[in-house]
Amino acid sequence: MGASMKKKKEKAKDFQKTKLKVGKTKAKASNFTDTSFKSKAIVMGHQSLSTEAPDVVYQFKHNLSLASSSRSDKQRKDALAYLTSQLVLEPPVNPVGSAAVLTKLIPLLSDSATPVRQQLLKLLRVLPGHEVRPVIEHALMFVRAGLTHLSSDISNDALAALDWLLDVAGDELVMCPGGWVRTLTTFCAVMGWALAASVTGWTSAANARTTLKPKDAQNRAKQIATLARFLQTGFKDEVAAEATSAQVWDNLYRIPRSGNAFEYLNLFMAQRDEDAEMYPNKEARQQIFHKRFLDAVRKGLDQTKKEGGVTGRAAVGLEQVLAKGMEDFEVSTALDTQDLAQSTVFYVARYWGWINVSLNRRVCKREPSMNKDGPDLQWKSARTSSISPAIKPSNVLAISYIGR
(Lines give C-alpha, C1' and ligand atoms only; values in the text may rest on other atoms or scores of the structure.)
Protein backbone atom coordinates (compact mmCIF):
# COMPACT_ATOMS: atom_id res chain seq x y z
CA MET A 1 0.00 0.00 0.00
CA GLY A 2 2.79 2.38 0.91
CA ALA A 3 4.79 1.50 -2.20
CA SER A 4 1.89 2.13 -4.59
CA MET A 5 1.20 5.57 -3.11
CA LYS A 6 4.85 6.52 -3.49
CA LYS A 7 4.80 5.58 -7.18
CA LYS A 8 1.64 7.63 -7.75
CA LYS A 9 3.23 10.69 -6.14
CA GLU A 10 6.35 10.34 -8.28
CA LYS A 11 4.23 10.16 -11.45
CA ALA A 12 2.19 13.18 -10.38
CA LYS A 13 5.38 15.28 -9.99
CA ASP A 14 5.76 15.50 -13.77
CA PHE A 15 2.38 17.27 -14.06
CA GLN A 16 2.74 19.65 -11.15
CA LYS A 17 3.66 23.34 -11.73
CA THR A 18 6.60 24.55 -9.72
CA LYS A 19 5.83 27.55 -7.59
CA LEU A 20 8.47 30.31 -7.98
CA LYS A 21 9.21 32.74 -5.19
CA VAL A 22 10.36 36.32 -5.66
CA GLY A 23 14.10 36.75 -5.21
CA LYS A 24 14.98 33.11 -5.72
CA THR A 25 16.45 31.73 -8.91
CA LYS A 26 15.03 28.80 -10.72
CA ALA A 27 16.39 25.48 -9.60
CA LYS A 28 19.00 24.07 -11.95
CA ALA A 29 18.51 20.75 -13.63
CA SER A 30 20.26 17.69 -12.33
CA ASN A 31 22.38 17.38 -15.47
CA PHE A 32 23.37 21.11 -15.62
CA THR A 33 26.91 21.87 -16.76
CA ASP A 34 28.49 25.29 -16.16
CA THR A 35 29.97 26.54 -19.49
CA SER A 36 30.50 30.24 -18.60
CA PHE A 37 33.99 31.72 -18.77
CA LYS A 38 35.61 35.18 -18.65
CA SER A 39 38.25 36.69 -20.93
CA LYS A 40 40.03 40.04 -21.20
CA ALA A 41 41.17 41.54 -24.52
CA ILE A 42 42.08 44.92 -26.09
CA VAL A 43 40.49 45.50 -29.51
CA MET A 44 42.07 48.14 -31.79
CA GLY A 45 40.37 49.58 -34.86
CA HIS A 46 43.57 49.76 -36.90
CA GLN A 47 46.42 47.39 -36.19
CA SER A 48 49.78 47.41 -37.86
CA LEU A 49 52.39 44.74 -37.60
CA SER A 50 55.08 46.93 -39.13
CA THR A 51 57.93 48.04 -36.91
CA GLU A 52 58.24 51.35 -38.81
CA ALA A 53 55.63 54.12 -38.87
CA PRO A 54 54.27 55.21 -42.30
CA ASP A 55 56.09 58.12 -43.88
CA VAL A 56 54.65 61.62 -44.32
CA VAL A 57 53.84 61.13 -48.01
CA TYR A 58 51.75 58.05 -47.31
CA GLN A 59 49.91 59.75 -44.45
CA PHE A 60 49.16 62.80 -46.61
CA LYS A 61 47.71 60.69 -49.44
CA HIS A 62 45.79 58.53 -46.97
CA ASN A 63 44.16 61.56 -45.32
CA LEU A 64 43.43 63.08 -48.71
CA SER A 65 41.55 59.92 -49.62
CA LEU A 66 39.69 59.91 -46.30
CA ALA A 67 38.68 63.55 -46.67
CA SER A 68 37.17 62.97 -50.09
CA SER A 69 35.56 59.54 -49.64
CA SER A 70 34.90 58.84 -45.94
CA ARG A 71 31.27 58.49 -44.83
CA SER A 72 31.97 59.82 -41.34
CA ASP A 73 31.66 63.58 -40.86
CA LYS A 74 34.18 63.57 -38.02
CA GLN A 75 36.67 61.55 -40.05
CA ARG A 76 36.40 63.94 -43.00
CA LYS A 77 36.90 66.93 -40.72
CA ASP A 78 39.92 65.37 -38.98
CA ALA A 79 41.47 64.46 -42.33
CA LEU A 80 41.03 68.03 -43.58
CA ALA A 81 42.57 69.35 -40.36
CA TYR A 82 45.61 67.09 -40.85
CA LEU A 83 46.03 68.26 -44.45
CA THR A 84 45.81 71.89 -43.33
CA SER A 85 48.46 71.34 -40.68
CA GLN A 86 50.82 69.88 -43.30
CA LEU A 87 50.21 72.72 -45.78
CA VAL A 88 51.04 75.47 -43.27
CA LEU A 89 54.47 74.02 -42.49
CA GLU A 90 57.67 75.65 -43.75
CA PRO A 91 58.28 74.22 -46.27
CA PRO A 92 54.75 72.85 -46.84
CA VAL A 93 54.28 69.10 -47.20
CA ASN A 94 52.25 68.51 -50.37
CA PRO A 95 53.44 65.54 -52.44
CA VAL A 96 50.48 65.65 -54.89
CA GLY A 97 50.38 69.37 -55.69
CA SER A 98 47.86 72.11 -54.91
CA ALA A 99 45.92 71.56 -58.14
CA ALA A 100 45.30 67.90 -57.28
CA VAL A 101 44.29 68.80 -53.72
CA LEU A 102 41.81 71.41 -54.93
CA THR A 103 40.34 69.10 -57.58
CA LYS A 104 39.90 66.33 -55.02
CA LEU A 105 38.41 68.39 -52.19
CA ILE A 106 36.35 71.14 -53.86
CA PRO A 107 33.22 68.88 -54.07
CA LEU A 108 33.09 69.08 -50.24
CA LEU A 109 31.89 72.65 -50.65
CA SER A 110 28.34 71.25 -50.75
CA ASP A 111 28.90 68.86 -47.83
CA SER A 112 25.96 68.64 -45.43
CA ALA A 113 28.20 68.93 -42.34
CA THR A 114 29.05 72.52 -41.39
CA PRO A 115 32.36 71.66 -39.59
CA VAL A 116 33.59 69.94 -42.76
CA ARG A 117 32.86 72.99 -44.91
CA GLN A 118 34.46 75.35 -42.41
CA GLN A 119 37.60 73.23 -42.28
CA LEU A 120 37.66 73.09 -46.08
CA LEU A 121 37.63 76.90 -46.27
CA LYS A 122 40.58 77.01 -43.87
CA LEU A 123 42.45 74.59 -46.11
CA LEU A 124 41.68 76.59 -49.27
CA ARG A 125 43.11 79.77 -47.76
CA VAL A 126 46.54 78.17 -47.24
CA LEU A 127 46.85 76.89 -50.83
CA PRO A 128 49.24 78.92 -53.04
CA GLY A 129 47.25 81.01 -55.50
CA HIS A 130 49.58 80.53 -58.47
CA GLU A 131 49.26 76.74 -58.22
CA VAL A 132 45.44 76.60 -58.34
CA ARG A 133 45.01 78.80 -61.42
CA PRO A 134 45.22 75.90 -63.94
CA VAL A 135 42.12 74.24 -62.39
CA ILE A 136 40.10 77.40 -61.79
CA GLU A 137 37.41 76.33 -64.28
CA HIS A 138 36.85 73.01 -62.46
CA ALA A 139 36.69 74.71 -59.06
CA LEU A 140 34.29 77.40 -60.30
CA MET A 141 31.85 74.74 -61.47
CA PHE A 142 31.40 73.45 -57.90
CA VAL A 143 31.28 76.99 -56.51
CA ARG A 144 28.35 77.82 -58.79
CA ALA A 145 26.61 74.63 -57.70
CA GLY A 146 27.05 75.66 -54.07
CA LEU A 147 25.70 79.17 -54.71
CA THR A 148 22.41 77.77 -55.99
CA HIS A 149 22.03 75.25 -53.13
CA LEU A 150 18.78 75.32 -51.17
CA SER A 151 20.65 75.57 -47.86
CA SER A 152 21.62 79.16 -47.06
CA ASP A 153 24.61 77.97 -45.01
CA ILE A 154 26.05 76.06 -47.98
CA SER A 155 25.36 79.03 -50.24
CA ASN A 156 27.23 81.37 -47.88
CA ASP A 157 30.23 79.02 -47.71
CA ALA A 158 30.28 78.83 -51.51
CA LEU A 159 30.24 82.63 -51.55
CA ALA A 160 33.28 82.64 -49.26
CA ALA A 161 35.02 80.22 -51.63
CA LEU A 162 34.26 82.57 -54.55
CA ASP A 163 35.80 85.45 -52.59
CA TRP A 164 38.92 83.34 -52.13
CA LEU A 165 39.07 82.60 -55.87
CA LEU A 166 38.76 86.31 -56.64
CA ASP A 167 41.69 86.99 -54.29
CA VAL A 168 44.09 84.39 -55.69
CA ALA A 169 43.04 84.10 -59.35
CA GLY A 170 40.57 86.85 -60.23
CA ASP A 171 41.80 87.43 -63.79
CA GLU A 172 41.76 83.72 -64.62
CA LEU A 173 38.29 83.39 -63.09
CA VAL A 174 36.64 85.96 -65.38
CA MET A 175 38.54 84.73 -68.48
CA CYS A 176 38.05 80.97 -68.20
CA PRO A 177 35.33 79.25 -70.32
CA GLY A 178 31.99 79.96 -68.69
CA GLY A 179 33.61 82.02 -65.95
CA TRP A 180 31.94 85.29 -66.93
CA VAL A 181 28.48 84.56 -68.34
CA ARG A 182 27.61 81.48 -66.29
CA THR A 183 28.69 83.09 -63.04
CA LEU A 184 26.62 86.20 -63.76
CA THR A 185 23.65 83.99 -64.64
CA THR A 186 24.08 82.18 -61.31
CA PHE A 187 24.13 85.46 -59.38
CA CYS A 188 20.96 86.67 -61.11
CA ALA A 189 19.24 83.35 -60.36
CA VAL A 190 20.27 83.42 -56.69
CA MET A 191 19.04 86.99 -56.15
CA GLY A 192 15.87 86.54 -58.21
CA TRP A 193 16.76 89.04 -60.92
CA ALA A 194 14.93 87.83 -64.00
CA LEU A 195 16.98 88.01 -67.19
CA ALA A 196 13.83 87.92 -69.37
CA ALA A 197 10.68 89.97 -69.00
CA SER A 198 8.09 87.96 -67.09
CA VAL A 199 4.73 89.07 -65.71
CA THR A 200 3.57 85.79 -64.20
CA GLY A 201 5.15 82.87 -62.42
CA TRP A 202 7.35 82.36 -59.40
CA THR A 203 10.13 84.65 -60.59
CA SER A 204 7.91 87.72 -60.78
CA ALA A 205 6.32 86.82 -57.44
CA ALA A 206 9.76 86.59 -55.81
CA ASN A 207 10.78 89.92 -57.30
CA ALA A 208 7.61 91.55 -55.95
CA ARG A 209 8.84 91.00 -52.37
CA THR A 210 10.04 94.28 -50.87
CA THR A 211 11.10 93.20 -47.37
CA LEU A 212 13.54 90.57 -46.16
CA LYS A 213 14.13 88.92 -42.83
CA PRO A 214 17.24 90.18 -40.97
CA LYS A 215 19.24 87.02 -41.68
CA ASP A 216 18.15 86.98 -45.32
CA ALA A 217 19.08 90.65 -45.63
CA GLN A 218 22.60 89.90 -44.38
CA ASN A 219 22.95 87.06 -46.88
CA ARG A 220 21.69 89.27 -49.72
CA ALA A 221 24.18 91.98 -48.76
CA LYS A 222 27.03 89.43 -48.92
CA GLN A 223 25.88 88.27 -52.33
CA ILE A 224 25.73 91.83 -53.68
CA ALA A 225 29.17 92.63 -52.24
CA THR A 226 30.70 89.56 -53.89
CA LEU A 227 28.97 90.39 -57.18
CA ALA A 228 30.47 93.89 -56.98
CA ARG A 229 33.95 92.40 -56.53
CA PHE A 230 33.34 90.05 -59.45
CA LEU A 231 32.26 92.90 -61.76
CA GLN A 232 35.13 95.06 -60.58
CA THR A 233 37.56 92.30 -61.53
CA GLY A 234 35.94 91.82 -64.93
CA PHE A 235 35.86 95.54 -65.74
CA LYS A 236 39.39 96.20 -64.56
CA ASP A 237 41.55 98.21 -66.98
CA GLU A 238 44.04 96.08 -68.85
CA VAL A 239 47.69 96.93 -69.40
CA ALA A 240 48.60 96.13 -72.98
CA ALA A 241 52.03 94.67 -73.61
CA GLU A 242 54.22 96.46 -76.09
CA ALA A 243 54.39 94.63 -79.40
CA THR A 244 57.74 94.29 -81.15
CA SER A 245 58.21 94.97 -84.83
CA ALA A 246 58.77 91.26 -85.47
CA GLN A 247 55.36 90.38 -83.98
CA VAL A 248 53.64 92.98 -86.16
CA TRP A 249 55.12 91.57 -89.35
CA ASP A 250 54.41 88.00 -88.25
CA ASN A 251 50.73 88.80 -87.72
CA LEU A 252 50.51 90.37 -91.17
CA TYR A 253 52.40 87.94 -93.39
CA ARG A 254 53.24 84.75 -91.53
CA ILE A 255 51.15 81.62 -92.09
CA PRO A 256 49.09 80.78 -88.97
CA ARG A 257 50.37 77.80 -87.00
CA SER A 258 46.97 76.66 -85.69
CA GLY A 259 44.98 74.03 -87.56
CA ASN A 260 41.88 76.22 -87.86
CA ALA A 261 43.14 79.79 -87.78
CA PHE A 262 39.77 81.35 -88.67
CA GLU A 263 37.70 79.32 -86.24
CA TYR A 264 36.64 82.50 -84.43
CA LEU A 265 34.56 83.48 -87.50
CA ASN A 266 32.41 80.37 -87.01
CA LEU A 267 31.31 80.39 -90.66
CA PHE A 268 30.66 76.70 -91.23
CA MET A 269 30.30 75.41 -87.68
CA ALA A 270 27.60 75.09 -85.04
CA GLN A 271 26.01 78.05 -83.31
CA ARG A 272 28.24 79.54 -80.64
CA ASP A 273 27.54 78.89 -77.00
CA GLU A 274 27.79 82.28 -75.34
CA ASP A 275 27.56 80.77 -71.86
CA ALA A 276 30.64 78.56 -72.24
CA GLU A 277 32.68 81.00 -74.33
CA MET A 278 35.83 82.74 -73.12
CA TYR A 279 35.85 86.54 -72.83
CA PRO A 280 39.56 87.37 -72.59
CA ASN A 281 39.38 91.17 -72.58
CA LYS A 282 37.43 93.94 -70.92
CA GLU A 283 35.64 95.05 -74.08
CA ALA A 284 34.25 91.57 -74.78
CA ARG A 285 33.00 91.24 -71.21
CA GLN A 286 31.36 94.67 -71.36
CA GLN A 287 29.68 93.78 -74.65
CA ILE A 288 28.06 90.56 -73.41
CA PHE A 289 27.16 92.16 -70.06
CA HIS A 290 25.41 95.02 -71.83
CA LYS A 291 23.62 92.59 -74.12
CA ARG A 292 22.31 90.11 -71.54
CA PHE A 293 22.62 91.36 -67.95
CA LEU A 294 22.66 95.15 -67.71
CA ASP A 295 18.90 95.71 -67.71
CA ALA A 296 18.20 92.90 -65.25
CA VAL A 297 20.92 94.08 -62.84
CA ARG A 298 19.72 97.67 -62.93
CA LYS A 299 16.12 96.66 -62.24
CA GLY A 300 17.27 94.45 -59.38
CA LEU A 301 19.38 97.26 -57.91
CA ASP A 302 16.49 99.72 -58.08
CA GLN A 303 14.29 97.30 -56.17
CA THR A 304 17.02 96.44 -53.64
CA LYS A 305 17.72 100.10 -52.86
CA LYS A 306 14.08 100.56 -51.89
CA GLU A 307 14.51 97.96 -49.14
CA GLY A 308 17.13 100.13 -47.41
CA GLY A 309 19.29 98.90 -44.59
CA VAL A 310 22.36 96.79 -45.21
CA THR A 311 21.09 95.51 -48.56
CA GLY A 312 20.38 99.05 -49.76
CA ARG A 313 23.91 100.16 -48.89
CA ALA A 314 25.37 97.14 -50.67
CA ALA A 315 23.22 97.92 -53.73
CA VAL A 316 24.56 101.50 -53.81
CA GLY A 317 28.12 100.15 -53.78
CA LEU A 318 27.35 97.77 -56.63
CA GLU A 319 25.76 100.60 -58.60
CA GLN A 320 28.93 102.66 -58.24
CA VAL A 321 31.08 99.75 -59.44
CA LEU A 322 28.74 99.24 -62.39
CA ALA A 323 28.82 102.91 -63.38
CA LYS A 324 32.62 103.04 -63.21
CA GLY A 325 33.05 99.78 -65.11
CA MET A 326 30.70 100.73 -67.97
CA GLU A 327 31.58 104.42 -68.29
CA ASP A 328 34.00 103.85 -71.19
CA PHE A 329 31.78 101.33 -72.94
CA GLU A 330 30.45 102.15 -76.40
CA VAL A 331 27.73 100.07 -77.99
CA SER A 332 29.22 98.33 -80.98
CA THR A 333 27.43 98.87 -84.26
CA ALA A 334 29.28 96.04 -85.97
CA LEU A 335 27.40 92.92 -86.98
CA ASP A 336 27.96 89.65 -85.23
CA THR A 337 30.28 87.34 -87.14
CA GLN A 338 27.51 84.90 -87.95
CA ASP A 339 25.13 87.66 -89.07
CA LEU A 340 27.95 89.13 -91.14
CA ALA A 341 28.52 85.79 -92.85
CA GLN A 342 24.81 85.47 -93.65
CA SER A 343 24.76 88.98 -95.11
CA THR A 344 27.83 88.14 -97.21
CA VAL A 345 26.05 85.13 -98.74
CA PHE A 346 23.00 87.30 -99.43
CA TYR A 347 24.88 90.05 -101.26
CA VAL A 348 26.98 87.60 -103.24
CA ALA A 349 23.76 85.97 -104.42
CA ARG A 350 22.26 89.36 -105.30
CA TYR A 351 25.34 90.33 -107.31
CA TRP A 352 25.66 87.17 -109.37
CA GLY A 353 21.95 86.79 -109.95
CA TRP A 354 21.60 83.02 -110.09
CA ILE A 355 23.22 80.84 -107.44
CA ASN A 356 23.00 77.07 -107.03
CA VAL A 357 23.04 76.44 -103.28
CA SER A 358 23.09 72.96 -101.79
CA LEU A 359 21.26 73.39 -98.50
CA ASN A 360 21.01 70.13 -96.55
CA ARG A 361 20.83 68.30 -99.92
CA ARG A 362 18.01 70.55 -101.13
CA VAL A 363 18.62 72.67 -104.22
CA CYS A 364 17.52 76.28 -103.71
CA LYS A 365 17.28 78.90 -106.43
CA ARG A 366 16.67 82.64 -106.48
CA GLU A 367 13.30 84.05 -107.39
CA PRO A 368 13.30 87.86 -107.70
CA SER A 369 10.33 89.82 -106.43
CA MET A 370 9.55 93.51 -106.46
CA ASN A 371 8.73 95.74 -103.50
CA LYS A 372 8.78 99.46 -102.81
CA ASP A 373 12.50 99.43 -102.04
CA GLY A 374 13.43 97.61 -105.22
CA PRO A 375 14.06 94.00 -106.18
CA ASP A 376 14.19 91.60 -103.28
CA LEU A 377 15.83 88.19 -103.09
CA GLN A 378 14.00 85.11 -101.88
CA TRP A 379 15.06 81.50 -101.86
CA LYS A 380 12.74 78.85 -103.21
CA SER A 381 13.27 75.16 -102.60
CA ALA A 382 13.06 73.03 -105.72
CA ARG A 383 11.84 70.04 -103.71
CA THR A 384 9.21 71.51 -101.42
CA SER A 385 8.41 74.76 -103.28
CA SER A 386 8.71 76.69 -100.00
CA ILE A 387 10.30 80.07 -99.52
CA SER A 388 13.42 80.02 -97.30
CA PRO A 389 13.75 83.49 -95.73
CA ALA A 390 17.41 83.08 -94.76
CA ILE A 391 20.30 80.77 -95.42
CA LYS A 392 22.61 79.96 -92.53
CA PRO A 393 26.28 79.62 -93.50
CA SER A 394 26.55 76.58 -91.24
CA ASN A 395 24.18 74.73 -93.61
CA VAL A 396 25.64 75.93 -96.89
CA LEU A 397 27.77 73.20 -98.42
CA ALA A 398 28.64 74.70 -101.78
CA ILE A 399 28.02 77.84 -103.79
CA SER A 400 28.63 77.74 -107.54
CA TYR A 401 28.00 80.30 -110.26
CA ILE A 402 25.68 79.01 -113.00
CA GLY A 403 25.07 82.12 -115.07
CA ARG A 404 23.85 85.63 -114.84
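Numbers for the structure displayed
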| item | result |
| --- | --- |
| Residues that are modelled with pLDDT under 80 and under 60 Å from the mean Cα position of the chain (by Cα), drawn from the range 23-53 | I42, V43, M44, G45, H46, Q47, S48, L49, S50, T51, E52, A53 |
| Sole exception among (1) at pLDDT below 95; (2) open to solvent by 10 Å² or more (accessible area, probe 1.4 Å) for C188, by number | (2) |
| Close pairs from the range 275-304: first surrounded by 15 or more Cβ atoms within 10 Å (Cβ to Cβ), partner among the charged types (D, E, K, R) and in a loop (DSSP other than H, G, I, E, B), Cβ under 8 Å, at least 6 apart | K282/K236; K282/D237; K282/E238; I288/E274; R292/E274 |
| The range 305-336 - residue that is in contact (Cβ under 8 Å) with a residue 24 or more places away in the chain and in contact with a Gly (Cβ under 9 Å, 6 or more places away or on another chain) and, of those, farthest from K213 (Cα to Cα) | G325 |
| Qualifying positions in the range 100-133 - open to solvent by 20 Å² or more (accessible area, probe 1.4 Å) and closer than 17 Å to D167 by Cβ | K122, R125, V126, P128, H130, E131, R133 |
| Residue match in the range 44-67 (condition: touching a residue at least 40 places away in the same chain (Cβ under 8 Å), in a helix (DSSP H, G or I) and open to solvent by 30 Å² or more (accessible area, probe 1.4 Å)) | no |
| Among (1) open to solvent by less than 20 Å² (accessible area, probe 1.4 Å); (2) over 11 Å from the mean Cα position of the chain (by Cα); (3) of a type outside the set (F, W, Y), the one test that G178 misses | (2) |
| Residue match in the range 134-154 (condition: more than 13 Å from the chain's Cα centre (by Cα) and touching a residue at least 40 places away in the same chain (Cβ under 8 Å)) | yes |
| Residues of the range 82-96 satisfying the condition of being at pLDDT 90 or above and more than 18 Å from D55 (Cβ to Cβ) | T84, V88 |
| Those residues of the range 233-254 which are outside any helix (DSSP H, G or I) and modelled with pLDDT of 80 or more, in sequence order | F235, K236, D237, R254 |
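Table: residues versus (1) more than 21 Å from A158 (Cβ to Cβ); (2) assigned to a loop (DSSP other than H, G, I, E, B); (3) touching an Asp or Glu at 6+ places or on another chain (Cβ under 7 Å).
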{"site": "P95", "(1), (2), (3)": "yes, yes, no"}
{"site": "V101", "(1), (2), (3)": "no, no, no"}
{"site": "K104", "(1), (2), (3)": "no, no, no"}
{"site": "L108", "(1), (2), (3)": "no, no, no"}
{"site": "S112", "(1), (2), (3)": "no, yes, no"}
{"site": "Q119", "(1), (2), (3)": "no, no, no"}
{"site": "K122", "(1), (2), (3)": "no, no, no"}
{"site": "R133", "(1), (2), (3)": "no, no, yes"}
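The values are calculated or read from the model by the stated rules, or taken from the named source; none is laboratory data. Because the structure is predicted, anything quoted here is derived from the model rather than measured. We place every Cβ from the backbone using ideal geometry, glycine too, and count neighbours over all the protein chains shown. Heads up: the accessible areas ignore ligands, DNA and RNA and are worked out on the full protein's heavy atoms, side chains in. Shrake-Rupley method; radii C 1.70, N 1.55, O 1.52, S 1.80 Å.
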